[in-house]
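What follows is one structure encoded as structure tokens, with my remarks underneath.
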Amino acid sequence: MALTGLDQFLKDDQILTGDADIKNYGRDWTKFFTPNAQAIVFPKSTEEVLELVKWARTTKTALVPSGGRTGLSGGAVAIQREVVVSFEKMNKILSYSDEDRIARVQAGVVTEDLQNFAFEKGQYFPVDFAAKGSSHIGGNIATNAGGVKVIRYGLMRDWVSSMTVVTGRGEVMELNNDLIKNASGYDLRHLMIGSEGTLGLVTEASIKFTRKPNDPLLFLVALNHLDNTMDVFKAFRDQTNLLAFEIYDELALQYVLKAQSNLSRPLETVAPFYLLIEVESEGDNSEEKVLSVFESCLEKEWLTDGILSQSDQQSKDLWAIRENITEACAHRTPYKNDVSVKISQVTPFLKDLDIVLKKEYPSSEVVWFGHVGDGNLHISILRPETMTPEEFYKSSQSIDDVVFSKVKEYGGSVSAEHGVGIIKKKHLNYTRSEAEISAMKAIKAFFDPDQILNPGKIFD
Ligand SMILES: Cc1cc2nc3c(=O)[nH]c(=O)nc-3n(C[C@H](O)[C@H](O)[C@H](O)COP(=O)(O)OP(=O)(O)OC[C@H]3O[C@@H](n4cnc5c(N)ncnc54)[C@H](O)[C@@H]3O)c2cc1C
């Protein structure tokens, strides 16, 4: 039997093969693929992961690393009789050094648990997004996760001080040893970050914390026109200490309000687009200063309405609208684009994209939202209720070339933060040159000579 030998280093309760488990662990948030793993295994230590990789090399078995399975690119999907390696049982925070301001964690620690741990220590872990209650630190590293605070704090990459990785060669590598300065050759830590489980299995990591920001001031504003987005952005960026700058459209708001009866329409004005703007307060007249920026945007008619949150509950509700968009549309199995361009290109890109989408999808519902302050937009085309997810996935691919040609024209990326996985691999060449892809394949061949680590992800 194909799984022979696993019992040499894993106990019975660390191996699952039931249909329900295959279905559950063989997929992520992309619902277009039918899971077809042969088993799910639950290692508890780096040593067990090492044994697993050695076993996979010997038996030529493909392994699919699996975190919280909140991925949106099919990176953790197992559809070709792979063995899924779940990090669920490696969920311990191992140590904390206040002097270094670094926590050592196992890969399966849930993102929000680490955020809460940082708070308990009087510190802050700023990688933050709607899936934080389920996603794992290992998954965040493997996807170089972004989220709603990138504008101020950067990506997951900026918070990984060191990590332990088991490569596809069957070697354990300790990368960086928590050094702030380390100019001794290539930094393989950064090569592993964002590699989507194709080069190594992250088993542990040291995560940096930072000072908790002062109380935030949160605005929700109604945009007069999409073209004014970056005018408002520049006004706030240049005159305040921005923590977040998010966009969503009226359709997104309608879906969230339909799904969440506890939330209500936040502004009387109905606008095509809304911006959620969070700013760190600084000193006594902070609110006055920030309000004057908002008022100047109103005077210039970039905005038609807006509110400054007056309580923690109101802030929670305003954030809940933004954070629930993906979930509120999930039943319509959206075809998602997660694209980015540099800040100076956002306005012309948005205009062009709007034209393209209206032409290609005249009768479809298209939900716009995203981290526009980072030049990152999520465009979700909703599945018509008459189509199955599989039919819709096939039919939607025809639009990719059109949208991604625009992305390429503006020097952008076909995957801003969700990763390439299965879904974007055909379009990697819209963002990466032939030379880059060929270097990536050579790196993959070095770290994974038997092609056992997440084969078929990022590229074939
Ligand atoms: C509602 C919602 C909102 C989201 N918002 C954002 C957002 O704002 N920003 C953002 O960046 N993403 C966002 N995502 C996408 C997703 O949450 C992130 O990509 C997250 O980092 C994935 O973590 P995970 O543990 O769920 O990984 P999984 O989905 O389990 O896996 C993702 C990839 O990492 C690999 N992997 C997992 N664990 C390991 C490991 N230990 N070692 C090696 N490889 C591993 C998998 O094989 C796969 O390729 C969102 C998702 C949802 C559902």
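Quick notes on this one:
- Subset of segment 73-92 [outside any strand (DSSP E or B) and crowded, with 22+ Cβ neighbours inside 10 Å]: S73, G74, G75, A76, V77, A78, E82, F87, M90
- Test: residue in segment 367-376 that is of a type in the set (S, T, N, Q) and either at pLDDT 95 or above or within 17 Å of the chain's Cα centre (by Cα) (or both): yes
- Flag if P348 is in a loop (DSSP other than H, G, I, E, B), open to solvent by 40 Å² or more (accessible area, probe 1.4 Å) and farther than 30 Å from D215 by Cβ: no
- Top-ranked residue in segment 124-135 [being over 17 Å from G74 (Cβ atoms) and surrounded by 19 or more Cβ atoms within 10 Å (Cβ to Cβ); ranked as nearest to the ligand (Cβ to nearest atom)]: F129
- Complete set of residues in segment 196-212 that are open to solvent by 20 Å² or more (accessible area, probe 1.4 Å), touching a helix residue (DSSP H, G or I) at 6+ places or on another chain (Cβ under 9 Å) and away from the ligand (no atom under 16 Å from the Cβ): K208, T210, K212
Residue-by-condition table, conditions (1) away from the ligand (no atom under 13 Å from the Cβ); (2) under 28 Å from G370 (Cα atoms):
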{"site": "A416", "(1), (2)": "no, yes"}
{"site": "V420", "(1), (2)": "no, yes"}
{"site": "K424", "(1), (2)": "no, yes"}
{"site": "L428", "(1), (2)": "yes, yes"}
{"site": "S433", "(1), (2)": "yes, yes"}
{"site": "I437", "(1), (2)": "yes, yes"}
{"site": "A442", "(1), (2)": "yes, no"}
{"site": "F447", "(1), (2)": "no, no"}
{"site": "Q451", "(1), (2)": "yes, no"}
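- Members of segment 359-370 that are buried (at least 21 other Cβ atoms within 10 Å of the Cβ) and touching a helix residue (DSSP H, G or I) at 6+ places or on another chain (Cβ under 6 Å): V367, F369
- Of all residues in segment 139-154, those satisfying the criterion of being within 6 Å of the ligand (Cβ to nearest atom) and of a type in the set (G, A, S) are G139, A142, A145, G146, G147.
- G421 vs. criteria buried (at least 20 other Cβ atoms within 10 Å of the Cβ) and out of contact with any Pro (no Cβ under 8 Å at 6 or more places or on another chain): yes
- Among residues of segment 155-194, those that are assigned to a loop (DSSP other than H, G, I, E, B), within 12 Å of the ligand (Cβ to nearest atom) and open to solvent by 10 Å² or more (accessible area, probe 1.4 Å), counted: 2
- Test result for L220, open to solvent by less than 10 Å² (accessible area, probe 1.4 Å), modelled with pLDDT of 95 or more, within 16 Å of the ligand (Cβ to nearest atom) and in contact with a Pro (Cβ under 6 Å, 6 or more places away or on another chain): no
- Every listed requirement among (1) open to solvent by 30 Å² or more (accessible area, probe 1.4 Å); (2) closer than 15 Å to L220 by Cα; (3) touching a helix residue (DSSP H, G or I) at 6+ places or on another chain (Cβ under 6 Å); (4) of a type in the set (A, V, I, L, M, F, W, C) is met by A259 save one, (2).
- Residue within segment 286-305 that is in contact with a Pro (Cβ under 7 Å, 6 or more places away or on another chain) and more than 21 Å from N228 (Cα to Cα) present: no
- Filtered residue count, segment 321-345, keeping only those that are open to solvent by 40 Å² or more (accessible area, probe 1.4 Å) and acidic (D, E): 2
- Condition check for K44: open to solvent by 30 Å² or more (accessible area, probe 1.4 Å) and either hydrophobic (A, V, I, L, M, F, W, C) or assigned to a helix (DSSP H, G or I) (or both): no
- Within segment 384-408, being of a type in the set (D, E, K, R), modelled with pLDDT under 95, in a helix (DSSP H, G or I) and open to solvent by 60 Å² or more (accessible area, probe 1.4 Å) holds for E390, E391, K394, D401.
- In this entry, V150 is excluded by the filter for residues that are free of Cβ contacts under 8 Å to residues at least 40 places away in the same chain, surrounded by 16 or more Cβ atoms within 10 Å (Cβ to Cβ) and either under 21 Å from I307 (Cα atoms) or not charged (D, E, K, R) (or both).
- Filter pass, A118 being buried (at least 20 other Cβ atoms within 10 Å of the Cβ), of a type outside the set (V, I, T) and near the ligand (Cβ under 10 Å from one of its atoms): no
- Listed by first and then second residue, the pairs linking a residue in segment 9-38 that is within 24 Å of T326 (Cα to Cα) and surrounded by 15 or more Cβ atoms within 10 Å (Cβ to Cβ) to a residue that is among the hydroxyl-bearing types (S, T, Y) and at pLDDT below 95, with Cβ atoms under 6 Å apart and 6 or more places separating them unless they lie on different chains, are K31/T333; F32/Y393.
- Look at segment 82-101: where a residue is more than 16 Å from the ligand (Cβ to nearest atom) and a partner is not in a loop (DSSP other than H, G, I, E, B), sitting 6+ places away or on another chain with Cβ atoms under 7 Å, you get S95/R104; Y96/A103; R101/K208.
The values are calculated or read from the model by the stated rules, or taken from the named source; none is laboratory data. Owing to the predicted nature of the structure, the values given are computational and were not obtained by experimental measurement. We place every Cβ from the backbone using ideal geometry, glycine too, and count neighbours over all the protein chains shown. The protein model used for the area step is the full one, side chains on, heavy atoms only, and it has no ligands, DNA or RNA in it. Shrake-Rupley method; radii C 1.70, N 1.55, O 1.52, S 1.80 Å.
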